[in-house]
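As structure tokens, the structure follows; a few thoughts come after it.
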Amino acid sequence: MTSSIIRAVCPHDCPDTCALQVTVEHGVATAVRGDPDHPTTAGVLCTKVSRYTERTYHPDRLLYPQKRIGKKGEGKFTRISWDEALETIAAKLQSVAARDPLAILPYSYAGTMGLLQGDGMSQRFFHRIGASFLDRTICATAGGQGYKYTVGARIGTDTEQTQNAKLIIIWGGNPIASNLHFWMRVQEAKRNGARIIAIDPYRSLTAEKCHQHIAVLPGTDAALALGLMHILIAENLLDHDYIQQFTLGFDALVQRVAEWTPERVARICGITADEVIGLAREYGQGAKRGEASLIRMNYGVQRVHGGGMSVRNISCLPALVGAWRHPAGGVQLSLSDSFPKNFSALQRPDLFPADLPQRTINMSTIGDDLLRKASSDFGPAIEALIVYNSNPVAIAPESGKVAQGFAREDLFTVVLEHFQTDTADYADILLPATTQLEHTDIHSTYGHLYMMANNPAIAPLGEAKSNTEIFRLLAQRMGYDELCFAESDDEMAAQAFHKTDARSAHFDWDTLKKTGWSKLNVPSAPFAQGGFPTPSGRCEFYSEAMDKAGLDPLPTYIPPYESVADNPALASRYPLAMISPPARNFLNSTFVNVQSLRATEGEPHLDIHPQDAAQRKIVQGDMLRIYNDRGSFSARARVTDKARPGLVVGLSIWWKKLAGDHKNVNEVTSQRLTDMGGGPTFYDLLVEVEKLGAA
């Protein structure tokens, strides 16, 4: 047989987690298509993944181990054998671990979302060493924490119910670019008569196609949610039966939101009082009519100082109006906790030596932490860094400090990669990793409810190895003889989900490999009859856990660190707010080096409102310098009212080396953290913009 179809999964950090069908002819992957039978994918792929073979067979793929021969950051390497690479890494890690294993740090995120190639064998390895833990906060922890305080776990509305909603509020997201299959169902709902509203500082591709766009100022979403609650309560647009049976702290909430009048909210959010009142009435009156109202909240909401509280406040709304009664009602931020993942078996935290101290490093402050000296508070300086599934020199905040840390000559850095990224340029040892078409994996998702199997479609290119195999080999070189380091990918995958949990009792790895996907056994309306996985079993308007954590136990508003209203001294020098949502043709920093996709984006751009442009004598096509006290970068001006006055927008994230000035937006972002969850504040910054020269 010369041609076959292999079942696979898109591995990238996207809620859609598409089911793939890979066509293989004579051992070569010739096409990647969406599985037409998978209910969520429905045969459709985004423009990025539909070109996945371009990425796998890219001429710049890393195919052999290499070691650095130039200065850090220059990107000069020479080819070596796997034996030399593994021996070099093991010897260095053993040397560091002999002094203090906490000086070793893994750095990874969601370059693949697979439970094996993401953090399976790698976590076993770092637990066994006794390395520092990495707090993987870069994307979602603030919102996740706020949601958990309120709802109890990252469980929400099933995407497959979206088309049955009559009101859909898309809050802080651009699903046309980053949640395509949800958007397809939104369009179906629209054809069925649903009203679609976008809440976003920027008039994105999605906002342009909604019935209404409410352009709040960055970081003010929590205030808008408080204003909506104020109107819902004042006008009795409530489901009193649901509140009485299934919520906690309603009386205290009533007192709290009484002060959040539409006029006050409008001033903070930069919108009109009528917009606050109108949205609340649409939401509450629809629920009174028995219609399903869905809030699709995305992570743009939580990348500010009060990001966790913003998500918490929004998460209170469905319980007030009884929206959870309907399968198509409620809210979806993430469905991650719907999956009973067996992390103890996959990652083996029991391997961590019981007699060693522990330390956790926040990945969002890696710029500062790589530059820290040893101290009693911090512990040992970081001496060895192993990077996989991530490109921190491009994606971590305050990039100038990140690059400075990676440039330390006394820092031993190993990078597992497909390409020579900005981060790879700083590696001492650079290892070639397989892509999703070349290895086995198993996936949960955060945007639908299917367990997913990825079968390798082709043999690894060159001498590339999977992450699991690389860490197996390193464990052998380190002398680790625990049986778990000899487990195959299939043996690991078979343990991925708890079979004793009713949601995944039907899970069987051999069967899943053949079928490709299998839906969890979960109710269509998860909280129709309460059952919230909070300490009280109710949706918690008042959270005792927050009180114990030193947080306000009731919904409140936490202003941005950097805003014109709340930091006038800083705003006198840097008067423009800035956000950097994903470019449609990139996924974080993935796909930036695929020429066909990068050509569509063109070059880094900055969207600026005509009013702000005129004040600075900026016209369309001018090259701009965007700057603050942390740094600067350049981008081409696009003068447009898609950006509201006082806001500039730089769609991201570009590799530095592929930008004209070898910089990107993270030169100006901050390492300050969110109110809860330790998340980054990428959308909480002020800048100034000046013209560099005409196009």
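The values are calculated or read from the model by the stated rules, or taken from the named source; none is laboratory data. Just so we're clear, the structure is a prediction, and the values are computed from it rather than from any experiment. Every residue, glycine as well, gets a Cβ built from its backbone with ideal geometry; the counts of neighbours run over all protein chains shown. Each accessible area value is taken on the protein alone, full model and side chains, heavy atoms only, with ligands, DNA and RNA left out. Shrake-Rupley method; radii C 1.70, N 1.55, O 1.52, S 1.80 Å.
A few remarks follow.
- Residue within the stretch 375-384 that is within 24 Å of the chain's Cα centre (by Cα), of a type outside the set (Asp, Glu) and open to solvent by less than 40 Å² (accessible area, probe 1.4 Å) present: no
- Conditions (1) under 22 Å from His12 (Cα atoms); (2) out of contact with any Lys or Arg (no Cβ under 8 Å at 6 or more places or on another chain): number failed by Leu430: (2)
- Note on the stretch 121-138: residues that are out of contact with any Leu (no Cβ under 6 Å at 6 or more places or on another chain) and open to solvent by 20 Å² or more (accessible area, probe 1.4 Å) total 4.
- Scanning the stretch 106-121 for residues that are more than 15 Å from Ala496 (Cβ to Cβ) and among the small types (Gly, Ala, Ser) yields a count of 3.
- Qualifying positions in the stretch 189-231 - assigned to a loop (DSSP other than H, G, I, E, B), open to solvent by 10 Å² or more (accessible area, probe 1.4 Å) and either of a type in the set (Phe, Trp, Tyr) or more than 28 Å from Val254 (Cβ to Cβ) (or both): Asn192, Gly193, Asp200, Pro201, Arg203, Lys209, Cys210, His211, Ala215, Pro218
- Sub-8 Å Cβ pairs linking a first residue in the stretch 612-639 that is at pLDDT below 95 to a second residue that is assigned to a loop (DSSP other than H, G, I, E, B), at least 6 apart or interchain, number zero.
- Considering (1) crowded, with 23+ Cβ neighbours inside 10 Å; (2) outside any helix (DSSP H, G or I); (3) among the hydroxyl-bearing types (Ser, Thr, Tyr), the lone condition that Tyr480 does not fulfil carries the number (1).
- Remark: pairs (first residue in the stretch 646-659, of a type in the set (S, T, N, Q); second residue assigned to a loop (DSSP other than H, G, I, E, B) and surrounded by 19 or more Cβ atoms within 10 Å (Cβ to Cβ); Cβ separation under 6 Å; 6+ apart in sequence or on different chains) = Ser652/Ser580.
- Residues in the stretch 541-570 that are in a loop (DSSP other than H, G, I, E, B) and either open to solvent by 40 Å² or more (accessible area, probe 1.4 Å) or among the hydrophobic types (A, V, I, L, M, F, W, C) (or both): 14 in all.
- Sole exception among (1) under 30 Å from Ile129 (Cα atoms); (2) among the acidic types (Asp, Glu); (3) buried (at least 17 other Cβ atoms within 10 Å of the Cβ) for Glu491, by number: (3)
- Subset of the stretch 494-515 (residues that are open to solvent by 50 Å² or more (accessible area, probe 1.4 Å), assigned to a helix (DSSP H, G or I) and either out of contact with any Leu (no Cβ under 7 Å at 6 or more places or on another chain) or modelled with pLDDT under 95 (or both)): Ala502, Asp510, Thr511, Lys513, Lys514, Thr515
- Arg296 vs. criteria in a helix (DSSP H, G or I), under 31 Å from the mean Cα position of the chain (by Cα) and closer than 30 Å to Ile395 by Cβ: no
- Members of the stretch 62-74 that are under 30 Å from Ala29 (Cβ atoms) and open to solvent by less than 20 Å² (accessible area, probe 1.4 Å): Leu62, Pro65
- Candidate set from the stretch 320-352 (those that are open to solvent by 40 Å² or more (accessible area, probe 1.4 Å) and assigned to a loop (DSSP other than H, G, I, E, B)); member that is farthest from Gln123 (Cα to Cα): His326
- Residue in the stretch 26-37 that is part of a loop (DSSP other than H, G, I, E, B) and touching a helix residue (DSSP H, G or I) at 6+ places or on another chain (Cβ under 8 Å) present: no
- Some residue of the stretch 25-47 being of a type in the set (Lys, Arg), within 30 Å of Pro582 (Cα to Cα) and open to solvent by 40 Å² or more (accessible area, probe 1.4 Å): yes
- Residue, most open to solvent (accessible area, probe 1.4 Å), within the stretch 394-419, restricted to residues that are within 24 Å of Asp489 (Cα to Cα) and either of a type in the set (A, V, I, L, M, F, W, C) or in contact with a His (Cβ under 9 Å, 6 or more places away or on another chain) (or both): His418
- Any chance Ala486 is touching a residue at least 40 places away in the same chain (Cβ under 8 Å), surrounded by fewer than 17 Cβ atoms within 10 Å (Cβ to Cβ) and among the aliphatic types (A, V, I, L, M): no
- The stretch 362-385 residues that are without any contact (Cβ under 8 Å) to a residue 40 or more places away in the chain, paired with ones that are open to solvent by 50 Å² or more (accessible area, probe 1.4 Å) and part of a loop (DSSP other than H, G, I, E, B) (beta carbon under 6 Å, 6 or more apart): Phe378/Arg372
- Number of positions in the stretch 152-169 that are open to solvent by less than 10 Å² (accessible area, probe 1.4 Å) and either assigned to a loop (DSSP other than H, G, I, E, B) or modelled with pLDDT under 95 (or both): 3
- Check on Gly530, open to solvent by less than 40 Å² (accessible area, probe 1.4 Å), part of a loop (DSSP other than H, G, I, E, B) and at positive phi: yes
- Of all residues in the stretch 353-392 being assigned to a loop (DSSP other than H, G, I, E, B) and of a type in the set (Asp, Glu), the one that is nearest to Asp425 (Cα to Cα): Glu383
- Residue match in the stretch 420-430 (condition: in contact with a helix residue (DSSP H, G or I) (Cβ under 6 Å, 6 or more places away or on another chain), surrounded by fewer than 24 Cβ atoms within 10 Å (Cβ to Cβ) and among the β-branched types (Val, Ile, Thr)): yes
- For the stretch 404-417, the count of residues that are modelled with pLDDT of 95 or more, under 24 Å from the mean Cα position of the chain (by Cα) and over 25 Å from Phe633 (Cβ atoms) is nonzero.
- Close contacts from the stretch 454-467, counting a first residue that is under 18 Å from Leu416 (Cβ atoms) and in a loop (DSSP other than H, G, I, E, B) and a second that is among the hydroxyl-bearing types (Ser, Thr, Tyr) and open to solvent by 60 Å² or more (accessible area, probe 1.4 Å), with Cβ to Cβ under 8 Å and a gap of 6+ residues or different chains, come to Leu461/Tyr57; Gly462/Tyr64; Glu463/Tyr64.
- Within the option set His443, His439, being farther than 21 Å from Gly679 by Cβ, open to solvent by 10 Å² or more (accessible area, probe 1.4 Å) and in contact with a Ser or Thr (Cβ under 8 Å, 6 or more places away or on another chain) holds for one residue only, His439.
- Within the stretch 300-316, the residues that satisfy the criterion of being assigned to a helix (DSSP H, G or I) and either among the small types (Gly, Ala, Ser) or surrounded by fewer than 24 Cβ atoms within 10 Å (Cβ to Cβ) (or both) are Gly300, Gly307, Gly308, Ser310, Ser315.
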